[in-house]
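Enquirer: Let me begin by handing over the structure; questions about it come next.
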Amino acid sequence: MYIKRLLFLLFLFPSSLLYAQSDREETKQTINVFLDCRGCNGSYVRSEVNFINFVRDQTDAEVHLLVTLQQTGSGGWEHTLNFIGLGHISNKSHILKFISPNSDTNDMMRRKLVRHVKLGLIYFLADRDVLSDLNVNFSGTLNEGSDEVDNTDPWNSWIFEIGLSTSFSGEQSKGNFRLGGNFDASRITDELKVRFEYRQNYNRQVFRKETETGTTKDIFITENQNFTSLVARSINQHWTIGGYARVRSSSQDNINLSVGATPSIEYSLFPYREHNRREVTFRLGVLGSYYDYTEVTILNKKNEFLWRNELNIRADFTQPWGGVFGWMNAGTYVHDLSKNRVNMGFRVNMRVARGLSIFFSGRYSLINDQISLPAGELTEEERLLNLKQQATSYNYGGSVGFSFNFGSIYSNVVNPRF
């Protein structure tokens, strides 16, 4: 019995190899593409681009298509498509870019993406049989005899946005209501960046309790308001000067009103134009702020004016093998250097072998600057519901995981059923 099974497997294995080899030879009529879509709709691209083979792993690909997105000053999205030739066509690579304005719907944006993916792939099909089955359609118009384009902008590059949202939930013993609003105004050009942002958040929690005399209610409210403004002027591809202004209030942080400004200077290790693939920046600023506290603080202050030094470091790398993002924010008060804080974190997503990817992240904060903590003890409700800021010297968090996939090298079919 075992000998028969062995003979059957020996017969089946070469046949499967021959079938796989013939299947691979058929694919040489077109190209194998590994789609690395970071922030875009990869399933839609695979379903609409049907003249190439999409593969699951980079090692099976002849072209690595890396798609990254960057938000524009007007609220739209700039798409960068990096077509990277691999193996015997490693000398063939090129980049396409397009901008989808804020007025585009999700469907309009993904259709533009598919169109540019198709255009970019044609470059690699010159020696493939599938090229003879492709057609080029032109749906635009050419303005003959005129090279002038009307770029008049009555808004002078200013963009405005107003938003309002609310949510509510409840049951017999409790209920929750949240109201949030925002206002944004920005003007972003190559030389100057101006932005104003306002955020408001109101949260009301109600807890009901049945007693012999009737129903009692406990109501807890938290409210936060933040206004920030930014002005940044470009000096060159590595240096920027500018500053922030900040106004905030927070019932949670015991701040009735805080007003401050931060003159800053920033240095970019790489040219700013390369931000889609690599970015390392250092920003140094000095914050001067006036604080008016809701309650007297643990330092016996009701209001005060303080100077604070700030350092921000940011690193972001987007590469074919994955991505690495890291940041660190540090600050200390000038009058007392022991009152300081350091926040840091990182995120890594990396392909380490065929079909195997790992991802991990972490964050840690060293906290010694909680100058706004109110004097006195917190109530049980304030502690459990996080109604007030609580004293701590650190906080942390992290995650780790991996994914491993195997099987057929192709991923052309998109089936939305169930």
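The values are calculated or read from the model by the stated rules, or taken from the named source; none is laboratory data. What you see is a predicted model, and the numbers here were worked out from it, not measured in a lab. No Cβ is skipped: glycine too gets one built from the backbone with ideal geometry, and neighbour counts run over all protein chains shown. Calculation scope for accessible area: heavy atoms of the full protein, side chains included, ligands and nucleic acids excluded. Shrake-Rupley method; radii C 1.70, N 1.55, O 1.52, S 1.80 Å.
Enquirer: Kindly state, to the nearest 0.05, the FRET efficiency for Glu274 paired with Phe168, given R0 = 60 Å and r defined as their beta-carbon distance.
Expert: After rounding, the FRET efficiency stands at 0.85.
Enquirer: Cross-link partners among lysines for Lys193, C-alpha distance below 27 Å, same-chain residues fewer than 8 apart left out?
Expert: Straight-line reach from Lys193, under 27 Å: Lys97.
Enquirer: Moving to a separate point now. Any idea what the relative contact order of region 173-230 is, in percent, if you count C-alpha pairs under 8 Å spaced at least 6 apart?
Expert: Details: 111 pairs, mean separation 20.6, N = 58.
Result for region 173-230 is 36 percent.
Enquirer: Also, I was wondering about something else. If you take the beta carbon distance between Phe220 and Glu304 as r and set R0 to 35 Å, what does 1/(1 + (r/R0)^6) give as a FRET efficiency, to the nearest 0.05? Working shown, then result.
Expert: On the way: r = 28 Å, r/R0 = 0.80.
My answer for the efficiency is 0.80.
Enquirer: OK, next. According to the square roots a ≥ b ≥ c of the eigenvalues of the Cα gyration tensor, what is the shape class of region 282-347, taking rounded for a/c under 1.5, prolate for a/b larger than b/c otherwise, and oblate for the remainder? Each step should come with its number before you reach the end.
Expert: On the way: a/c = 3.55, a/b = 2.79, b/c = 1.27.
Judged from the Cα gyration tensor, region 282-347 comes out prolate (a/c at least 1.5, a/b above b/c).
Enquirer: Need the full-extension length gain, Lys97 to Met350, defined as separation in residues times 0.36 nm minus the C-alpha distance. One decimal, nm.
Expert: Numbers: separation 253, 0.36 × 253 = 91.08 nm, distance 2.48 nm.
Computed gain between Lys97 and Met350 is 88.6 nm.
Enquirer: Applying 1/(1 + (r/R0)^6) with R0 = 45 Å to the Cβ-Cβ distance of Thr59 and Thr152, what FRET efficiency is obtained, to the nearest 0.05?
Expert: Details: r = 51 Å, r/R0 = 1.13.
E(calc), rounded to 0.05, equals 0.30.
Enquirer: If I fit a long axis through the Cα atoms of helix 106-121 and take the longest principal axis of the Cα atoms of the chain, what angle between them do I get, 0 to 90°, rounded to 10?
Expert: Here the helix axis deviates by roughly 40 degrees.
Enquirer: Past 29 Å, Cα to Cα, is the threshold; run Lys217/Lys302; Lys209/Lys388; Lys174/Lys339 against it and keep the listed order.
Expert: Over 29 Å apart, Cα to Cα: Lys217/Lys302; Lys174/Lys339.
Enquirer: Oh, and also: What is the helix-to-structure angle for 2-27, meaning the angle in degrees between its Cα long axis and the longest Cα principal axis of the chain, kept from 0 to 90 and rounded to the nearest 10?
Expert: Relative to the chain, helix 2-27 is tipped by roughly 80 degrees.
Enquirer: Rounded to the nearest 20 Debye, what is the dipole magnitude of region 308-408 about its Cα centre when Lys and Arg each give +1 and Asp and Glu each give -1 at the C-beta?
Expert: Working: 10 positive and 8 negative charges, 117 e Å.
Taking the Cα centre of region 308-408 as origin, the dipole is about 560 debye.
Enquirer: A further question on this structure: Gap in Å between the Cα centre of region 63-90 and the Cα centre of region 161-205?
Expert: Rounded to whole Å, the Cα centres lie 32 Å apart.
Enquirer: Next question. Give the whole-number value, in cubic angstrom per residue, of the convex hull volume spanned by the C-alpha atoms of region 191-319.
Expert: Values: hull volume 20.6 nm³, N = 129.
So the per-residue hull volume is 160 Å³.
Enquirer: Another question, then. Calculated from the structure, mean projected area of the Cα convex hull in nm² equals which of [x] 18.8; [y] 21.6; [z] 34.4?
Expert: The calculated read-out lines up with [z].
Enquirer: If you roll a 1.4 angstrom probe over the protein chains with everything in place, what fraction of the accessible area of region 210-336 belongs to carbon and sulfur, to the nearest %? Provide the component values of the computation, followed by the final result.
Expert: On the way: 4100 of 6990 Å².
Taking all protein chains in place, region 210-336 shows 59 percent carbon and sulfur surface.
Enquirer: Something else about it: Under a 1.4 Å probe, what is the accessible area of region 235-318 per residue, stated in Å²?
Expert: Values: 4380 Å² over 84 residues.
Per-residue accessible area for region 235-318 comes out at 52 Å².
Enquirer: Classify region 299-399: rounded, prolate or oblate, from the alpha-carbon gyration tensor (a ≥ b ≥ c, eigenvalue square roots; a/c under 1.5 rounded; otherwise prolate if a/b is larger than b/c)?
Expert: Details: a/c = 4.49, a/b = 1.90, b/c = 2.37.
In terms of gyration-tensor shape, oblate.
Enquirer: Still on this structure, please answer the following. Using alpha-carbon positions, what is the distance between the centroids of region 278-296 and region 99-127, in Å?
Expert: 41 Å
Enquirer: Spin-label point model (7 Å from Cα, Cβ direction): what's the Tyr290 to Leu384 distance in nm?
Expert: Here the modelled spin labels are 4.1 nm apart.
Enquirer: What accessible area per residue, rounded to a whole number of Å², is obtained for region 44-112 using a probe radius of 1.4 Å?
Expert: Details: 3140 Å² over 69 residues.
On a per-residue basis, 46 Å².
Enquirer: Shifting gears a bit: Excluding ligands, DNA and RNA, what is the solvent-accessible area per residue of region 156-222 at a probe of 1.4 Å, expressed in Å²?
Expert: Numbers: 4760 Å² over 67 residues.
So region 156-222 comes to 71 Å² accessible per residue, rounded to a whole number.
Enquirer: Quick one: dipole size for the chain, taken about the Cα centre, charges +1 on Lys/Arg Cβ and -1 on Asp/Glu Cβ, in debye to the nearest 20.
Expert: Numbers: 45 positive and 44 negative charges, 210 e Å.
So the dipole magnitude of the chain works out to roughly 1020 debye.
Enquirer: May I ask for the net charge around Phe406, where only other residues with Cβ less than 13 Å from the Cβ of Phe406 are counted and Lys, Arg are +1 while Asp, Glu are -1? Mind showing how you got there, number by number?
Expert: Numbers: positive: Arg56, Arg354; negative: Asp57, Asp60.
Taking every Cβ under 13 Å from that of Phe406, the sum is 0.
Enquirer: While we're looking at this one, here's another question. Which listed residue (Ile298, Asn32, Asn201) has the Cα farthest towards the positive end of the charge dipole for the chain, taking +1 on Lys and Arg C-beta and -1 on Asp and Glu C-beta about the Cα centre?
Expert: Ranked along the dipole, the leading option is Asn32.
Enquirer: Right, another one. Of Phe360, Val49, Ala261, which is farthest along the charge dipole of the chain in the positive direction, counting Lys and Arg as +1 and Asp and Glu as -1 at C-beta?
Expert: Phe360
Enquirer: Can you give the charge dipole size of region 157-316 about its Cα centre, rounded to the nearest 20 debye, using +1 on the beta carbon of Lys and Arg and -1 on the beta carbon of Asp and Glu?
Expert: On the way: 21 positive and 19 negative charges, 30 e Å.
Rounded to the nearest 20 debye, it is 140 debye.
Enquirer: Taking springs between alpha-carbon atoms closer than 10 angstrom, which of Glu279, Glu295, Glu210 fluctuates most in the Gaussian network model of the chain?
Expert: Glu210
Enquirer: Excluding same-chain residues fewer than 8 positions from Lys112, which aspartates and glutamates have a Cα within less than 20 Å of its Cα?
Expert: Asp36, Glu48, Glu78, Asp104
Enquirer: Additional query: Figure the gain on full extension for Gln237 and Ser403 (residue separation times 0.36 nm, minus the Cα-Cα span) and round it to one decimal in nm. Working shown, then result.
Expert: Working: separation 166, 0.36 × 166 = 59.76 nm, distance 3.82 nm.
Full extension of this stretch gives 55.9 nm more.
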